[in-house]
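Below: the structure, in structure tokens.
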Amino acid sequence: MHTERELEQQLMSINRKSYPAYKSLQGSYRFPGFVLHIDHVQGDPFAAPSKVSAEVDMRAAAFPEELFDKACKRIALQDYLIRKFGKVMSEYMFQAKGSGKSGLMSISRCGQEVLERTALEMDRKRILVRFEVGFPANGRTINALELKKILFDFVPACVKKSLYYKSLDAMAVRKVVDLAEDQQFIREELVKRNLVAFVANGAVLPRESGVSDRPMKGAVAFESPKSMEIELKLPHRGALKGMGIPRGITLIVGGGYHGKSTLLKALELGVYNHIAGDGREYVITDDTAMKIRAEDGRAVSHVNISPFINHLPNGKNTKDFSTEDASGSTSQAANVVEAVESGAGALLIDEDTSATNFMVRDALMQSVIAKEQEPITPFISRARELYEKQGVSVILVAGSSGAYFYIADKILQMDTYRTYDITERVKKICTDWDDAPEEMEEGSEKVWKKYNRLLKAGKVEKKHGQIKTKQFGKDSFSIGRETVDIKYVEQIADSEQTTTLSCVLKVILERMEGQREQNLDMMIEKVWKEMEQTGLRTLVSGSYISSSMAMVRKQEIYACLNRYRGFEK
């Protein structure tokens, strides 16, 4: 390891040289109170910024171990420190001058969700923060004096103000980890109480706008129907009342624009913890719950959609279904089956984004079109079986068909963002109507048999012997020449999760390369277990780890791989 004096000497020796001379700085340097790592140097001032990290010994950082002795507390504290480091760093953004990205300093921009990220890692031994720096240049000539300001003044100031416990507001830090522990307590209570979700009284569910995830000012605060209200005794906040949604089939109805989809959206993202002040801090959903929708045009790779679709006129095999361009019904069938196979404990469905012919067939349609002539078994006819045989609950937003009332265990009505339990009233009304969905024959659960998907990785284009990936925001990425479109995997909350998914697919393809047919589901489970044990590090082959990756769920991994077109039988 080099000293800061050696870095300064090397820096001055390359001043005004051609930009590639910056490569000589790559390495580790001991500064007072921390170690600076220059992990990767950009090729020119207009390229992606250089990758830099700072490592602080935990004995110097002096964070009490009780603040990160559990995973939930550690992840929340890491998230807080990333936000703090980014806020301090913003004061120095472009303070160093030059061409291109000269003077840029950036770190992960965290949203409302609390996610484990590679931007900052901490354990009993150290804190390691990863960030980006645009090494300054005049044209393409090194400006060493400006980089010296960044590395010797700005970075040490960021480290000192953000990564030392004595520099932080101890009460604010304590509130962060206490909230995380309360949120984890609620997740554990969901299991104990056989609930699929909890929505606290006072929660603010509406968002500021369609492009902002911040809470709406002046919004109606959530209030649980008394019949569904439960009280939890949280370790730190104490007593908290709210709505407990039981496992089973829950229907959310109401007039247009009255808050049905707003409640469902909050439940979708309740699989993640949220920061204080978000309004949804105490909206907690089964963390395996999966949002399901129709997705016209998506790719489907070797999925058994026979629980819902059989006997297609073209004779296509629905037990091993693949297509480059799925219809609304086949895409939604694939989404449901993929979710069940990924271990989802609940399906979250909005009728507005579903294929009507996949969801329901009313009594009149059943009488006109014989069952033998219809290849689609509607979701409404499988929902009860899904819960009772597979243990998968359903939360469904509906407004067009009363047939859903017959299968629901709980029926909630949203009226101007207020929630009412109308289950008993609706069940009485149902006795006077004859619109019940067609029932499934006994033994139909056999169709949920899981088929082993033995697949080979097709040829993947490489560059310099490596599989290359390129990301297009949160919605998609390319790997080789294939593009994986995940814009309708709606619980991906951050573009850094998309980066992670591209790395997961890359790892699996590398492991499958040159091999005989592999069981794809077993490959996914193996990588997932490695991620649980060693974190995102398992996705990196060398010593360098990207600063822009965030943890994903197993459900998103399944969704991503099932949209990749390059697998072969």
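The values are calculated or read from the model by the stated rules, or taken from the named source; none is laboratory data. Quick caveat: nothing in here was measured; it's all calculated off a predicted structure. Neighbour counts run over all protein chains shown; Cβ positions are idealised from the backbone, glycine included. Accessible surface is based on the protein model in full, side chains and every heavy atom, while ligands, DNA and RNA are left aside. Shrake-Rupley method; radii C 1.70, N 1.55, O 1.52, S 1.80 Å.
Anything in segment 304-320 that is open to solvent by 80 Å² or more (accessible area, probe 1.4 Å), over 17 Å from VAL336 (Cβ atoms) and not polar (S, T, N, Q)? List them, or say none. Can you show your working first?
Going residue by residue through segment 304-320, those that are open to solvent by 80 Å² or more (accessible area, probe 1.4 Å) are 311, 313-314, 316-317, 319.
Checking which are over 17 Å from VAL336 (Cβ atoms) leaves us with 311, 313-314, 316-317.
Selection gives HIS311, PRO313, LYS316.
Looking at segment 56-64, can you tell me whether even one residue there is crowded, with 18+ Cβ neighbours inside 10 Å, within 33 Å of the chain's Cα centre (by Cα) and among the charged types (D, E, K, R)? If you could, list the steps in order and put the result at the bottom.
Pass one, segment 56-64, residues crowded, with 18+ Cβ neighbours inside 10 Å: 56, 61, 63.
Next, from what is left, pick out any that are within 33 Å of the chain's Cα centre (by Cα): 56, 61, 63.
Pick out the ones that are also among the charged types (D, E, K, R) and you get none.
Among the residues of segment 56-64, not one is crowded, with 18+ Cβ neighbours inside 10 Å, within 33 Å of the chain's Cα centre (by Cα) and among the charged types (D, E, K, R), which makes the answer no.
Out of all the residues in segment 89-101, which are open to solvent by less than 10 Å² (accessible area, probe 1.4 Å) and in a helix (DSSP H, G or I)? Let's see the steps before the verdict.
Keep residues of segment 89-101 that are open to solvent by less than 10 Å² (accessible area, probe 1.4 Å), which gives 89, 96.
The one that is open to solvent by less than 10 Å² (accessible area, probe 1.4 Å) and in a helix (DSSP H, G or I): MET89.
Looking at segment 129-138, which of its residues are open to solvent by 10 Å² or more (accessible area, probe 1.4 Å) and either closer than 17 Å to PRO64 by Cα or under 27 Å from the mean Cα position of the chain (by Cα) (or both)? It would help to see each step written out before you state the result.
Here is the first cut: in segment 129-138, the residues open to solvent by 10 Å² or more (accessible area, probe 1.4 Å) are 130, 132, 138.
Scanning segment 129-138 gives ARG130, GLU132.
Just for helices (runs of 4 or more DSSP H) wholly inside segment 322-426: which have at least 2 residues that are closer than 25 Å to ALA197 by Cα?
Details: elements: 328-341, 356-359, 363-368, 379-390.
In segment 322-426, the matching helices (runs of 4 or more DSSP H) lie at 328-341, 379-390.
Using the structure shown, decide if ALA21 is over 37 Å from the mean Cα position of the chain (by Cα) and either open to solvent by 60 Å² or more (accessible area, probe 1.4 Å) or over 13 Å from LEU151 (Cβ atoms) (or both).
Numbers: over 37 Å from the mean Cα position of the chain (by Cα): yes; either open to solvent by 60 Å² or more (accessible area, probe 1.4 Å) or over 13 Å from LEU151 (Cβ atoms) (or both): yes.
Spelling it out, ALA21 is indeed over 37 Å from the mean Cα position of the chain (by Cα) and either open to solvent by 60 Å² or more (accessible area, probe 1.4 Å) or over 13 Å from LEU151 (Cβ atoms) (or both).
When only residues in segment 272-293 that are part of a loop (DSSP other than H, G, I, E, B) and open to solvent by less than 10 Å² (accessible area, probe 1.4 Å) count, which is farthest from PHE379 (Cα to Cα)?
The initial filter retains those residues of segment 272-293 that are part of a loop (DSSP other than H, G, I, E, B), namely 272, 275-282, 286-289, 293.
Narrowing the set further to residues that are open to solvent by less than 10 Å² (accessible area, probe 1.4 Å) leaves 278, 280, 289.
On the way: ASP278: 34, ARG280: 30, ALA289: 17 Å.
Of everything passing the filter in segment 272-293, ASP278 is farthest from PHE379 (Cα to Cα).
Tally up the residues in segment 140-160 that are over 30 Å from the mean Cα position of the chain (by Cα), part of a helix (DSSP H, G or I) and not acidic (Asp, Glu), please.
Applying the first criterion (over 30 Å from the mean Cα position of the chain (by Cα)) to segment 140-160 yields 140-157, 160.
If we keep only those that are part of a helix (DSSP H, G or I) as well, we get 144-157, 160.
Within this subset, residues satisfying the condition of being not acidic (Asp, Glu) are 144-145, 147-152, 154-157, 160.
Number satisfying all stated conditions: 13.
Taking the options GLU496, GLU482, GLU568, GLU490, name whichever one is of a type in the set (Asp, Glu), crowded, with 21+ Cβ neighbours inside 10 Å and in contact with a Lys or Arg (Cβ under 8 Å, 6 or more places away or on another chain). So that I can check it myself, show each step before the final result.
Numbers: GLU482 fails: crowded, with 21+ Cβ neighbours inside 10 Å; GLU568 fails: crowded, with 21+ Cβ neighbours inside 10 Å; GLU490 fails: crowded, with 21+ Cβ neighbours inside 10 Å.
Being of a type in the set (Asp, Glu), crowded, with 21+ Cβ neighbours inside 10 Å and in contact with a Lys or Arg (Cβ under 8 Å, 6 or more places away or on another chain) holds for just one of GLU496, GLU482, GLU568, GLU490, which is GLU496.
Hey, among ASP213, ASP182, which residue is closer than 24 Å to GLN491 by Cβ, in contact with a His (Cβ under 6 Å, 6 or more places away or on another chain) and surrounded by 14 or more Cβ atoms within 10 Å (Cβ to Cβ)?
On the way: ASP213 fails: in contact with a His (Cβ under 6 Å, 6 or more places away or on another chain).
Answer to the selection: ASP182.
Among the listed residues LEU267, LEU232, identify the single one that is under 20 Å from the mean Cα position of the chain (by Cα), crowded, with 16+ Cβ neighbours inside 10 Å and not in a loop (DSSP other than H, G, I, E, B). Write out each step before concluding.
On the way: LEU232 fails: under 20 Å from the mean Cα position of the chain (by Cα).
After applying the criteria, what remains is LEU267.
Would you check if GLU510 is of a type in the set (Asp, Glu), part of a loop (DSSP other than H, G, I, E, B) and open to solvent by 10 Å² or more (accessible area, probe 1.4 Å)? Walk me through how you get there before you give the answer.
Numbers: of a type in the set (Asp, Glu): yes; part of a loop (DSSP other than H, G, I, E, B): no; open to solvent by 10 Å² or more (accessible area, probe 1.4 Å): yes.
No, not satisfied.
Identify the single condition in (1) farther than 28 Å from SER354 by Cα; (2) touching a residue at least 12 places away in the same chain (Cβ under 8 Å) that GLY514 does not satisfy, given that it satisfies every other one.
Going through (1) farther than 28 Å from SER354 by Cα; (2) touching a residue at least 12 places away in the same chain (Cβ under 8 Å) one by one, GLY514 breaks only (2).
Within segment 396-413, can you find the residues that are buried (at least 24 other Cβ atoms within 10 Å of the Cβ) and either touching a helix residue (DSSP H, G or I) at 6+ places or on another chain (Cβ under 6 Å) or at pLDDT below 95 (or both)?
Result: VAL397, ALA398, TYR404.
Of all residues in segment 322-338, how many are buried (at least 24 other Cβ atoms within 10 Å of the Cβ) and under 12 Å from ILE376 (Cα atoms)?
Residues flagged as buried (at least 24 other Cβ atoms within 10 Å of the Cβ) and under 12 Å from ILE376 (Cα atoms) within segment 322-338 amount to 3.
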